[in-house]
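Below is one structure, written out as C-alpha coordinates; comments come after it.
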Amino acid sequence: MSISADIGVTGLAVMGRNLARNFARHGYRVAVHNRTPARTTALVDEFGHEGTLVAAETTKDMVASLARPRRLVIMVKAGEPTDAVIAEFAPLMEEGDLIIDGGNAHFADTRRRERELRKQGIHFVGVGISGGEEGALHGPSIMPGGSAESYTALGPMLESVAAKASDGTPCTTHVGADGAGHFVKMVHNGIEYADMQLIAEAYHLLREVAGYSPAQIADIFRTWNEGRLDSYLMEVSAEVLAHTDPATGAPFVDVVTDQAEQKGTGRWTVQTAMDLGVPVSGIAEAVFARSLSGHAGLRAAAADLSGPSPKPLTSGAEQFAAQVEQALYASKVVSYAQGWNMIQAGSAEYGWDIGLGDVAAIWRAGCIIRAVFLDRIRDAYTADPTLPTLLVDDGFAASIGQAQDDWRDVVATATRRGVPTPGFAAALSYYDALRAGRLPAALTQAQRDFFGAHTYRRVDREGVFHTLWGGDRTEVTAG
Ligand code: NBP
(Lines give C-alpha, C1' and ligand atoms only; values in the text may rest on other atoms or scores of the structure.)
Protein backbone atom coordinates (compact mmCIF):
# COMPACT_ATOMS: atom_id res chain seq x y z
CA MET A 1 0.00 0.00 0.00
CA SER A 2 1.40 3.35 -0.95
CA ILE A 3 -0.86 5.56 1.13
CA SER A 4 0.13 6.64 4.60
CA ALA A 5 -3.20 6.95 6.35
CA ASP A 6 -3.78 9.27 9.32
CA ILE A 7 -6.12 6.81 10.97
CA GLY A 8 -7.62 3.38 10.37
CA VAL A 9 -11.06 2.05 11.23
CA THR A 10 -11.70 -1.67 11.48
CA GLY A 11 -15.27 -2.87 11.90
CA LEU A 12 -17.47 -1.27 9.30
CA ALA A 13 -21.03 -1.91 10.47
CA VAL A 14 -23.18 1.21 10.97
CA MET A 15 -21.00 2.89 13.58
CA GLY A 16 -17.57 2.21 12.09
CA ARG A 17 -18.64 3.08 8.58
CA ASN A 18 -20.08 6.42 9.64
CA LEU A 19 -17.14 7.28 11.85
CA ALA A 20 -14.74 6.50 9.00
CA ARG A 21 -16.75 8.79 6.70
CA ASN A 22 -16.73 11.50 9.36
CA PHE A 23 -12.90 11.39 9.54
CA ALA A 24 -12.65 11.37 5.75
CA ARG A 25 -15.03 14.32 5.41
CA HIS A 26 -12.75 16.24 7.75
CA GLY A 27 -9.83 15.76 5.41
CA TYR A 28 -8.13 12.81 7.10
CA ARG A 29 -6.81 9.93 5.06
CA VAL A 30 -8.67 6.91 6.43
CA ALA A 31 -7.73 3.27 5.96
CA VAL A 32 -10.76 1.01 6.31
CA HIS A 33 -10.99 -2.69 7.07
CA ASN A 34 -13.61 -5.23 8.02
CA ARG A 35 -13.50 -8.96 8.77
CA THR A 36 -15.88 -9.53 5.88
CA PRO A 37 -14.22 -7.59 3.03
CA ALA A 38 -17.49 -6.96 1.17
CA ARG A 39 -18.36 -4.26 3.70
CA THR A 40 -15.04 -2.53 3.05
CA THR A 41 -15.51 -2.48 -0.71
CA ALA A 42 -19.11 -1.32 -0.36
CA LEU A 43 -18.04 1.60 1.83
CA VAL A 44 -15.32 2.76 -0.56
CA ASP A 45 -17.54 2.30 -3.62
CA GLU A 46 -20.43 4.21 -2.09
CA PHE A 47 -18.66 6.97 -0.22
CA GLY A 48 -15.11 7.10 -1.57
CA HIS A 49 -15.95 10.45 -3.21
CA GLU A 50 -16.43 12.07 0.23
CA GLY A 51 -12.73 12.00 1.02
CA THR A 52 -9.80 9.61 1.19
CA LEU A 53 -11.08 6.16 2.12
CA VAL A 54 -8.64 3.40 1.34
CA ALA A 55 -9.62 -0.24 1.54
CA ALA A 56 -7.34 -2.67 3.35
CA GLU A 57 -8.12 -6.29 2.70
CA THR A 58 -6.04 -7.88 5.43
CA THR A 59 -4.97 -6.86 8.92
CA LYS A 60 -1.38 -6.70 7.65
CA ASP A 61 -2.35 -4.34 4.82
CA MET A 62 -4.24 -2.24 7.33
CA VAL A 63 -1.29 -1.85 9.69
CA ALA A 64 1.10 -1.22 6.81
CA SER A 65 -1.10 1.59 5.54
CA LEU A 66 -1.03 3.62 8.74
CA ALA A 67 1.36 6.52 9.40
CA ARG A 68 3.23 6.34 12.71
CA PRO A 69 2.29 6.52 15.46
CA ARG A 70 -0.42 4.27 14.08
CA ARG A 71 -3.96 5.09 15.11
CA LEU A 72 -6.27 2.13 14.74
CA VAL A 73 -9.92 2.49 15.73
CA ILE A 74 -11.81 -0.72 16.50
CA MET A 75 -15.59 -0.47 15.98
CA VAL A 76 -16.75 -4.05 16.43
CA LYS A 77 -19.26 -5.72 18.70
CA ALA A 78 -18.22 -5.23 22.32
CA GLY A 79 -16.90 -8.17 24.35
CA GLU A 80 -15.16 -11.17 22.80
CA PRO A 81 -15.07 -9.75 19.25
CA THR A 82 -13.08 -6.77 20.58
CA ASP A 83 -10.57 -9.09 22.27
CA ALA A 84 -10.34 -11.15 19.07
CA VAL A 85 -9.60 -8.06 16.96
CA ILE A 86 -7.02 -6.78 19.45
CA ALA A 87 -5.34 -10.21 19.39
CA GLU A 88 -5.11 -10.02 15.61
CA PHE A 89 -3.77 -6.49 15.38
CA ALA A 90 -1.58 -6.04 18.47
CA PRO A 91 1.26 -8.33 17.31
CA LEU A 92 1.53 -6.25 14.13
CA MET A 93 1.71 -2.91 15.95
CA GLU A 94 4.76 -1.26 17.51
CA GLU A 95 5.71 0.71 20.57
CA GLY A 96 4.02 4.12 20.61
CA ASP A 97 1.12 3.03 18.40
CA LEU A 98 -2.50 3.54 19.48
CA ILE A 99 -5.29 0.98 19.52
CA ILE A 100 -8.56 2.81 20.07
CA ASP A 101 -11.72 0.97 21.08
CA GLY A 102 -14.78 3.03 20.14
CA GLY A 103 -17.28 0.28 21.01
CA ASN A 104 -19.47 0.05 24.08
CA ALA A 105 -16.95 -1.79 26.25
CA HIS A 106 -17.33 -2.27 29.98
CA PHE A 107 -14.76 -0.01 31.63
CA ALA A 108 -13.28 -2.96 33.55
CA ASP A 109 -12.48 -4.67 30.22
CA THR A 110 -10.89 -1.44 29.03
CA ARG A 111 -8.73 -1.29 32.15
CA ARG A 112 -7.60 -4.89 31.58
CA ARG A 113 -6.84 -4.33 27.89
CA GLU A 114 -4.96 -1.11 28.62
CA ARG A 115 -2.82 -2.88 31.24
CA GLU A 116 -1.99 -5.74 28.89
CA LEU A 117 -1.14 -3.58 25.88
CA ARG A 118 0.90 -1.15 27.95
CA LYS A 119 3.41 -3.99 28.49
CA GLN A 120 3.95 -3.93 24.73
CA GLY A 121 4.30 -0.13 24.71
CA ILE A 122 0.97 0.24 22.88
CA HIS A 123 -1.43 2.94 24.00
CA PHE A 124 -4.85 1.41 24.40
CA VAL A 125 -7.49 4.11 24.34
CA GLY A 126 -11.03 3.21 25.39
CA VAL A 127 -13.34 5.80 23.87
CA GLY A 128 -16.98 6.24 24.79
CA ILE A 129 -18.92 7.45 21.76
CA SER A 130 -22.49 8.65 22.08
CA GLY A 131 -24.90 9.79 19.43
CA GLY A 132 -25.74 6.61 17.55
CA GLU A 133 -25.09 6.23 13.85
CA GLU A 134 -26.15 9.79 13.00
CA GLY A 135 -23.79 11.12 15.65
CA ALA A 136 -20.93 8.98 14.35
CA LEU A 137 -21.41 10.59 10.93
CA HIS A 138 -22.21 14.19 11.82
CA GLY A 139 -20.44 14.61 15.15
CA PRO A 140 -20.77 12.50 18.27
CA SER A 141 -19.89 13.31 21.85
CA ILE A 142 -16.55 11.56 22.36
CA MET A 143 -15.21 10.44 25.74
CA PRO A 144 -11.63 9.22 25.40
CA GLY A 145 -9.76 7.54 28.24
CA GLY A 146 -6.19 6.23 28.00
CA SER A 147 -2.90 7.98 28.66
CA ALA A 148 -2.44 11.74 28.41
CA GLU A 149 0.24 11.01 25.78
CA SER A 150 -2.28 9.15 23.64
CA TYR A 151 -4.55 12.19 23.75
CA THR A 152 -1.75 14.31 22.30
CA ALA A 153 -1.66 12.01 19.29
CA LEU A 154 -5.40 11.51 18.96
CA GLY A 155 -7.14 14.48 20.60
CA PRO A 156 -6.91 16.98 17.72
CA MET A 157 -8.49 14.46 15.32
CA LEU A 158 -11.27 13.69 17.77
CA GLU A 159 -11.84 17.39 18.32
CA SER A 160 -12.32 17.95 14.63
CA VAL A 161 -14.90 15.16 14.16
CA ALA A 162 -16.77 15.61 17.45
CA ALA A 163 -20.03 17.52 17.81
CA LYS A 164 -19.66 21.21 18.58
CA ALA A 165 -21.53 22.88 21.43
CA SER A 166 -23.41 26.11 20.65
CA ASP A 167 -20.32 28.12 21.68
CA GLY A 168 -18.27 26.13 19.15
CA THR A 169 -16.38 23.99 21.70
CA PRO A 170 -15.77 20.41 20.55
CA CYS A 171 -17.63 17.84 22.63
CA THR A 172 -14.58 15.83 23.57
CA THR A 173 -11.80 16.03 26.10
CA HIS A 174 -9.31 13.67 27.72
CA VAL A 175 -11.56 12.23 30.43
CA GLY A 176 -8.90 10.37 32.41
CA ALA A 177 -6.57 7.36 32.30
CA ASP A 178 -7.36 3.79 31.16
CA GLY A 179 -11.12 3.06 31.47
CA ALA A 180 -12.27 6.58 32.43
CA GLY A 181 -13.84 7.25 29.02
CA HIS A 182 -15.89 4.07 28.97
CA PHE A 183 -16.86 4.60 32.62
CA VAL A 184 -18.19 8.06 31.88
CA LYS A 185 -20.02 6.77 28.79
CA MET A 186 -21.62 4.08 30.97
CA VAL A 187 -22.86 6.71 33.44
CA HIS A 188 -24.10 8.81 30.50
CA ASN A 189 -26.24 5.86 29.47
CA GLY A 190 -27.46 5.37 33.03
CA ILE A 191 -28.57 9.00 33.16
CA GLU A 192 -30.18 8.51 29.74
CA TYR A 193 -32.25 5.64 31.21
CA ALA A 194 -33.37 7.90 34.08
CA ASP A 195 -34.19 10.80 31.75
CA MET A 196 -36.29 8.56 29.49
CA GLN A 197 -38.13 7.03 32.43
CA LEU A 198 -38.95 10.45 33.90
CA ILE A 199 -40.26 11.74 30.58
CA ALA A 200 -42.33 8.55 30.25
CA GLU A 201 -43.80 9.11 33.72
CA ALA A 202 -44.66 12.70 32.83
CA TYR A 203 -46.43 11.43 29.69
CA HIS A 204 -48.30 8.80 31.70
CA LEU A 205 -49.55 11.38 34.22
CA LEU A 206 -50.58 13.83 31.53
CA ARG A 207 -52.53 11.09 29.83
CA GLU A 208 -54.07 9.26 32.80
CA VAL A 209 -54.58 12.11 35.24
CA ALA A 210 -54.85 15.23 33.08
CA GLY A 211 -56.66 13.32 30.32
CA TYR A 212 -54.63 14.71 27.41
CA SER A 213 -54.24 12.82 24.12
CA PRO A 214 -50.78 11.85 22.84
CA ALA A 215 -50.97 14.67 20.26
CA GLN A 216 -51.81 17.20 22.98
CA ILE A 217 -48.96 15.88 25.13
CA ALA A 218 -46.64 16.29 22.15
CA ASP A 219 -47.61 19.97 22.09
CA ILE A 220 -47.05 20.31 25.84
CA PHE A 221 -43.62 18.67 25.50
CA ARG A 222 -42.77 21.05 22.64
CA THR A 223 -43.60 23.99 24.89
CA TRP A 224 -41.49 22.55 27.71
CA ASN A 225 -38.72 22.01 25.19
CA GLU A 226 -38.48 25.75 24.76
CA GLY A 227 -37.59 26.22 28.43
CA ARG A 228 -35.32 24.68 31.03
CA LEU A 229 -36.22 21.12 29.94
CA ASP A 230 -34.92 21.75 26.40
CA SER A 231 -33.25 18.48 25.44
CA TYR A 232 -32.90 16.00 22.62
CA LEU A 233 -34.90 13.38 24.54
CA MET A 234 -37.78 15.82 25.08
CA GLU A 235 -37.74 16.62 21.36
CA VAL A 236 -37.74 12.91 20.45
CA SER A 237 -40.61 12.23 22.85
CA ALA A 238 -42.72 14.99 21.27
CA GLU A 239 -41.99 13.60 17.80
CA VAL A 240 -43.03 10.10 18.82
CA LEU A 241 -46.21 11.28 20.56
CA ALA A 242 -47.26 13.36 17.57
CA HIS A 243 -46.84 10.43 15.20
CA THR A 244 -49.88 8.51 13.93
CA ASP A 245 -49.57 4.85 13.04
CA PRO A 246 -50.12 4.72 9.26
CA ALA A 247 -51.57 1.18 9.41
CA THR A 248 -54.31 1.86 11.97
CA GLY A 249 -54.62 5.63 12.26
CA ALA A 250 -54.09 5.25 16.03
CA PRO A 251 -51.53 7.27 17.98
CA PHE A 252 -48.26 5.47 17.31
CA VAL A 253 -47.50 5.16 21.03
CA ASP A 254 -50.68 3.09 21.41
CA VAL A 255 -49.63 0.43 18.93
CA VAL A 256 -46.18 -0.16 20.45
CA THR A 257 -45.95 -3.00 22.98
CA ASP A 258 -45.43 -1.58 26.45
CA GLN A 259 -42.33 -3.69 27.17
CA ALA A 260 -39.07 -1.76 27.10
CA GLU A 261 -35.86 -3.54 26.26
CA GLN A 262 -32.31 -2.77 27.28
CA LYS A 263 -28.85 -3.53 26.01
CA GLY A 264 -27.12 -3.49 29.38
CA THR A 265 -25.35 -0.19 29.98
CA GLY A 266 -28.05 0.92 32.47
CA ARG A 267 -27.62 -2.35 34.32
CA TRP A 268 -23.81 -1.92 34.32
CA THR A 269 -24.25 1.57 35.78
CA VAL A 270 -26.36 0.29 38.65
CA GLN A 271 -24.11 -2.72 39.30
CA THR A 272 -21.05 -0.46 39.37
CA ALA A 273 -22.81 2.08 41.57
CA MET A 274 -23.52 -0.73 44.04
CA ASP A 275 -19.83 -1.67 44.06
CA LEU A 276 -18.82 1.95 44.58
CA GLY A 277 -21.50 2.46 47.26
CA VAL A 278 -23.18 5.34 45.41
CA PRO A 279 -26.98 5.56 45.69
CA VAL A 280 -28.18 6.09 42.12
CA SER A 281 -31.82 5.36 42.90
CA GLY A 282 -33.18 7.33 39.93
CA ILE A 283 -31.12 5.31 37.46
CA ALA A 284 -31.88 2.06 39.30
CA GLU A 285 -35.63 2.72 39.22
CA ALA A 286 -35.40 3.36 35.50
CA VAL A 287 -33.61 0.05 34.93
CA PHE A 288 -36.13 -1.77 37.14
CA ALA A 289 -39.05 -0.07 35.42
CA ARG A 290 -37.89 -1.42 32.04
CA SER A 291 -37.39 -4.82 33.60
CA LEU A 292 -40.85 -4.80 35.22
CA SER A 293 -42.46 -3.76 31.95
CA GLY A 294 -41.00 -6.84 30.29
CA HIS A 295 -42.50 -9.28 32.80
CA ALA A 296 -45.68 -9.82 30.80
CA GLY A 297 -46.70 -12.97 32.67
CA LEU A 298 -46.25 -11.40 36.07
CA ARG A 299 -48.20 -8.31 35.01
CA ALA A 300 -51.03 -10.42 33.62
CA ALA A 301 -51.20 -12.45 36.82
CA ALA A 302 -51.46 -9.26 38.90
CA ALA A 303 -53.74 -7.29 36.58
CA ASP A 304 -56.83 -7.83 38.73
CA LEU A 305 -55.27 -6.67 42.00
CA SER A 306 -57.40 -4.07 43.73
CA GLY A 307 -56.55 -0.38 43.64
CA PRO A 308 -57.73 2.85 42.09
CA SER A 309 -58.25 2.90 38.33
CA PRO A 310 -56.70 6.04 36.93
CA LYS A 311 -59.44 8.60 36.16
CA PRO A 312 -58.88 11.89 34.39
CA LEU A 313 -59.36 15.08 36.38
CA THR A 314 -62.63 16.85 35.72
CA SER A 315 -60.94 20.24 35.94
CA GLY A 316 -57.52 21.81 36.40
CA ALA A 317 -55.68 19.80 33.72
CA GLU A 318 -53.58 22.80 32.70
CA GLN A 319 -52.54 23.51 36.24
CA PHE A 320 -51.69 19.85 36.80
CA ALA A 321 -49.55 19.87 33.64
CA ALA A 322 -47.61 22.82 35.01
CA GLN A 323 -47.04 20.87 38.22
CA VAL A 324 -45.80 17.86 36.25
CA GLU A 325 -43.27 20.12 34.55
CA GLN A 326 -41.93 21.10 37.98
CA ALA A 327 -41.83 17.46 39.12
CA LEU A 328 -40.04 16.39 35.96
CA TYR A 329 -37.48 19.14 36.31
CA ALA A 330 -36.76 18.43 40.00
CA SER A 331 -36.54 14.65 39.45
CA LYS A 332 -34.21 15.21 36.52
CA VAL A 333 -31.88 17.33 38.63
CA VAL A 334 -31.77 14.52 41.22
CA SER A 335 -30.88 11.89 38.60
CA TYR A 336 -28.10 14.05 37.22
CA ALA A 337 -26.85 14.79 40.73
CA GLN A 338 -26.68 11.04 41.39
CA GLY A 339 -24.89 10.40 38.09
CA TRP A 340 -22.31 13.08 38.82
CA ASN A 341 -21.74 11.67 42.30
CA MET A 342 -21.06 8.34 40.66
CA ILE A 343 -18.50 9.87 38.32
CA GLN A 344 -16.90 11.58 41.31
CA ALA A 345 -16.72 8.24 43.17
CA GLY A 346 -15.32 6.33 40.16
CA SER A 347 -12.76 9.03 39.62
CA ALA A 348 -11.61 8.81 43.25
CA GLU A 349 -11.61 5.01 43.27
CA TYR A 350 -9.56 4.63 40.09
CA GLY A 351 -7.45 7.79 40.36
CA TRP A 352 -8.81 9.36 37.16
CA ASP A 353 -9.06 12.98 38.25
CA ILE A 354 -12.09 13.54 36.01
CA GLY A 355 -13.09 17.17 35.47
CA LEU A 356 -16.76 17.13 36.52
CA GLY A 357 -17.52 20.38 34.70
CA ASP A 358 -15.74 19.05 31.59
CA VAL A 359 -18.06 16.05 31.47
CA ALA A 360 -21.08 18.36 31.41
CA ALA A 361 -19.40 20.43 28.69
CA ILE A 362 -18.80 17.46 26.37
CA TRP A 363 -22.37 16.22 26.74
CA ARG A 364 -23.86 19.49 25.52
CA ALA A 365 -24.05 18.29 21.92
CA GLY A 366 -23.80 15.06 19.94
CA CYS A 367 -24.94 12.68 22.65
CA ILE A 368 -28.38 11.39 23.59
CA ILE A 369 -28.74 13.39 26.83
CA ARG A 370 -27.69 16.65 25.22
CA ALA A 371 -29.60 19.45 26.90
CA VAL A 372 -29.55 23.11 27.73
CA PHE A 373 -29.42 22.09 31.38
CA LEU A 374 -25.83 20.81 31.02
CA ASP A 375 -24.51 24.37 30.78
CA ARG A 376 -25.73 24.92 34.31
CA ILE A 377 -24.05 21.73 35.55
CA ARG A 378 -20.81 22.81 33.93
CA ASP A 379 -21.11 26.22 35.57
CA ALA A 380 -21.86 24.67 38.97
CA TYR A 381 -18.74 22.47 38.89
CA THR A 382 -16.60 25.23 37.42
CA ALA A 383 -17.59 27.47 40.33
CA ASP A 384 -16.95 24.70 42.87
CA PRO A 385 -15.21 21.51 41.67
CA THR A 386 -15.65 19.97 45.14
CA LEU A 387 -19.43 20.38 45.22
CA PRO A 388 -20.70 17.39 47.29
CA THR A 389 -23.87 17.20 45.19
CA LEU A 390 -25.42 19.32 42.46
CA LEU A 391 -28.42 19.70 44.74
CA VAL A 392 -26.51 22.10 47.01
CA ASP A 393 -25.43 24.35 44.16
CA ASP A 394 -27.20 27.64 44.85
CA GLY A 395 -28.94 27.76 41.48
CA PHE A 396 -30.23 24.17 41.57
CA ALA A 397 -31.16 24.40 45.27
CA ALA A 398 -33.25 27.49 44.54
CA SER A 399 -35.03 25.98 41.54
CA ILE A 400 -35.83 22.76 43.40
CA GLY A 401 -36.99 24.76 46.38
CA GLN A 402 -39.38 26.50 44.07
CA ALA A 403 -40.50 23.24 42.36
CA GLN A 404 -40.93 21.09 45.40
CA ASP A 405 -44.51 21.80 46.45
CA ASP A 406 -45.71 20.84 43.00
CA TRP A 407 -43.32 17.86 42.94
CA ARG A 408 -44.82 16.58 46.19
CA ASP A 409 -48.38 17.18 44.93
CA VAL A 410 -47.69 15.27 41.73
CA VAL A 411 -46.23 12.25 43.56
CA ALA A 412 -49.13 12.32 46.04
CA THR A 413 -51.72 12.59 43.25
CA ALA A 414 -50.07 9.76 41.32
CA THR A 415 -50.04 7.57 44.41
CA ARG A 416 -53.67 8.32 45.25
CA ARG A 417 -54.81 7.67 41.71
CA GLY A 418 -52.74 4.51 41.23
CA VAL A 419 -50.39 5.78 38.53
CA PRO A 420 -46.88 4.34 39.01
CA THR A 421 -44.17 6.99 39.20
CA PRO A 422 -41.09 5.14 40.47
CA GLY A 423 -38.71 7.74 39.05
CA PHE A 424 -40.47 10.82 40.46
CA ALA A 425 -41.06 9.16 43.83
CA ALA A 426 -37.53 7.78 44.19
CA ALA A 427 -36.05 11.16 43.32
CA LEU A 428 -38.22 12.89 45.90
CA SER A 429 -37.35 10.31 48.58
CA TYR A 430 -33.67 10.76 47.81
CA TYR A 431 -34.03 14.52 48.17
CA ASP A 432 -35.87 14.17 51.46
CA ALA A 433 -33.40 11.57 52.76
CA LEU A 434 -30.46 13.88 52.02
CA ARG A 435 -32.04 16.78 53.85
CA ALA A 436 -33.36 14.74 56.79
CA GLY A 437 -31.64 15.69 60.03
CA ARG A 438 -31.98 12.16 61.23
CA LEU A 439 -32.70 8.94 59.33
CA PRO A 440 -34.25 5.71 60.58
CA ALA A 441 -30.90 4.09 59.82
CA ALA A 442 -30.36 4.38 63.58
CA LEU A 443 -33.00 1.69 64.04
CA THR A 444 -31.51 -0.39 61.22
CA GLN A 445 -28.12 -0.31 62.90
CA ALA A 446 -29.63 -1.21 66.27
CA GLN A 447 -31.46 -4.15 64.64
CA ARG A 448 -28.13 -5.32 63.23
CA ASP A 449 -26.59 -5.17 66.66
CA PHE A 450 -29.54 -7.10 68.13
CA PHE A 451 -29.47 -10.09 65.82
CA GLY A 452 -25.88 -10.10 64.62
CA ALA A 453 -23.81 -8.24 67.23
CA HIS A 454 -22.75 -5.89 64.44
CA THR A 455 -22.12 -3.07 66.97
CA TYR A 456 -23.05 0.61 66.69
CA ARG A 457 -21.69 4.08 67.34
CA ARG A 458 -23.37 6.56 69.67
CA VAL A 459 -24.29 10.15 69.00
CA ASP A 460 -22.95 11.30 72.36
CA ARG A 461 -19.50 9.73 72.65
CA GLU A 462 -16.69 8.18 70.60
CA GLY A 463 -16.25 4.44 70.33
CA VAL A 464 -17.92 1.27 69.06
CA PHE A 465 -20.52 -0.41 71.26
CA HIS A 466 -22.63 -3.53 71.61
CA THR A 467 -25.64 -4.14 73.83
CA LEU A 468 -25.95 -7.58 75.44
CA TRP A 469 -29.45 -8.07 74.00
CA GLY A 470 -29.70 -11.72 75.04
CA GLY A 471 -28.52 -10.98 78.56
CA ASP A 472 -29.05 -8.09 80.94
CA ARG A 473 -28.91 -5.49 78.15
CA THR A 474 -25.92 -3.67 79.51
CA GLU A 475 -23.78 -1.89 76.97
CA VAL A 476 -20.19 -2.98 76.40
CA THR A 477 -17.39 -1.38 74.43
CA ALA A 478 -16.70 -3.41 71.30
CA GLY A 479 -13.44 -3.77 69.35
P1 NBP B 1 -22.01 -4.30 15.73
O2 NBP B 1 -21.96 -4.15 17.21
O3 NBP B 1 -23.25 -4.83 15.12
O4 NBP B 1 -20.79 -5.24 15.28
C5 NBP B 1 -20.63 -5.59 13.93
C6 NBP B 1 -19.20 -5.45 13.53
O7 NBP B 1 -18.37 -6.29 14.37
C8 NBP B 1 -18.98 -5.93 12.12
O9 NBP B 1 -18.02 -5.10 11.53
C10 NBP B 1 -18.49 -7.35 12.32
O11 NBP B 1 -17.74 -7.84 11.24
C12 NBP B 1 -17.60 -7.12 13.50
N13 NBP B 1 -17.19 -8.37 14.20
C14 NBP B 1 -17.89 -9.23 14.97
BR15 NBP B 1 -19.68 -9.12 15.29
N16 NBP B 1 -17.17 -10.24 15.45
C17 NBP B 1 -15.94 -10.03 14.96
C18 NBP B 1 -14.72 -10.72 15.12
N19 NBP B 1 -14.64 -11.81 15.88
N20 NBP B 1 -13.64 -10.26 14.47
C21 NBP B 1 -13.72 -9.15 13.70
N22 NBP B 1 -14.84 -8.43 13.53
C23 NBP B 1 -15.94 -8.86 14.17
O24 NBP B 1 -21.63 -2.92 15.02
P25 NBP B 1 -22.16 -1.45 15.31
O26 NBP B 1 -23.61 -1.46 15.58
O27 NBP B 1 -21.61 -0.61 14.22
O28 NBP B 1 -21.42 -1.06 16.65
C29 NBP B 1 -20.00 -1.03 16.78
C30 NBP B 1 -19.65 -0.72 18.23
O31 NBP B 1 -20.21 0.55 18.57
C32 NBP B 1 -20.26 -1.72 19.22
O33 NBP B 1 -19.36 -1.91 20.28
C34 NBP B 1 -21.50 -1.04 19.72
O35 NBP B 1 -21.86 -1.42 21.02
C36 NBP B 1 -21.12 0.39 19.65
N37 NBP B 1 -22.31 1.21 19.35
C38 NBP B 1 -22.41 2.40 19.83
C39 NBP B 1 -23.50 3.16 19.56
C40 NBP B 1 -23.52 4.50 20.07
O41 NBP B 1 -24.52 5.18 20.05
N42 NBP B 1 -22.42 4.92 20.57
C43 NBP B 1 -24.54 2.76 18.77
C44 NBP B 1 -24.44 1.55 18.27
C45 NBP B 1 -23.32 0.79 18.58
P46 NBP B 1 -18.47 -8.62 10.02
O47 NBP B 1 -19.01 -7.55 9.14
O48 NBP B 1 -17.38 -9.39 9.42
O49 NBP B 1 -19.55 -9.47 10.65
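The values are calculated or read from the model by the stated rules, or taken from the named source; none is laboratory data. Please read all numbers here as calculations on a predicted model, not as lab measurements. When we count neighbours, we look across all protein chains shown, and the Cβ atoms used for this are built from the backbone with ideal geometry, even at glycine. Surface areas here come from the heavy atoms of the whole protein model, side chains and all, with no ligands, DNA or RNA. Shrake-Rupley method; radii C 1.70, N 1.55, O 1.52, S 1.80 Å.
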request  = Tell me the label-point distance for the pair residue 394, residue 95, using the 7 Å Cα-to-Cβ offset, in nm and rounded to one decimal.
outcome  = 5.4 nm
task = Have a look at 199, 27, 296 and report the one farthest towards the positive end of the charge dipole of the chain, computed about the Cα centre with Cβ charges (Lys/Arg +1, Asp/Glu -1).
result = 296
request  = Could you pull out every one of the lysines with an alpha carbon less than 29 Å from that of residue 263, ignoring same-chain neighbours closer than 8 positions?
outcome  = 77, 164, 185, 332
query = If you stretched the chain out fully between residue 250 and residue 166, how much longer would it get, using 0.36 nm times the residue separation minus the C-alpha to C-alpha distance?
reply = 26.5 nm
key: Sequence of 83, 178, 405, 304 from largest to smallest accessible area, 1.4 Å probe   = 304, 405, 83, 178
message = Suppose every Lys and Arg Cβ carries +1 and every Asp and Glu Cβ carries -1, with no other charges. What dipole size does the range 1-143 come out with about its Cα centre, to the nearest 20 debye?
response = 260 debye
request  = Tell me the label-point distance for the pair residue 382, residue 460, using the 7 Å Cα-to-Cβ offset, in nm and rounded to one decimal.
outcome  = 5.1 nm
ask   = For the range 232-275, which chymotrypsin sites (Phe, Trp or Tyr not before Pro) are both in a DSSP coil and crowded by at most 15 other Cβ atoms within 10 Å?
value = none
Nearest-ten-degree value, helix 317-350 long axis tilted from longest Cα axis of the chain = 60 degrees
remark   = For the range 42-97 the GluC sites (Glu not before Pro) that pass both the DSSP coil test and the at-most-10 other-Cβ-within-10 Å test are 95
task = Evaluate E = 1/(1 + (r/R0)^6) for residue 301 and residue 257, where r is the Cβ-Cβ distance and R0 equals 22 Å; express this FRET efficiency to the nearest 0.05.
result = 0.80
query = How much mean residue ellipticity at 222 nm does the chain get from its helices, if each DSSP H run of length 4 or more adds -39500 (n - 2.57) and you divide by all residues, to the nearest 500 deg cm²/dmol?
reply = -17500 deg cm²/dmol
task = For the range 200-270, state which GluC sites (Glu not before Pro) are in a DSSP loop and have at most 15 other beta carbons lying within 10 Å of their beta carbon.
result = 226, 261
request  = Give the shape of the chain as rounded, prolate or oblate, defined through the alpha-carbon gyration tensor: a ≥ b ≥ c are the square roots of its eigenvalues, a/c under 1.5 means rounded, and otherwise the shape is prolate if a/b is larger than b/c and oblate if not.
outcome  = oblate
key: Rounded to the nearest 10 Å², the accessible area of residue 164 at probe 1.4 Å   = 90 Å²
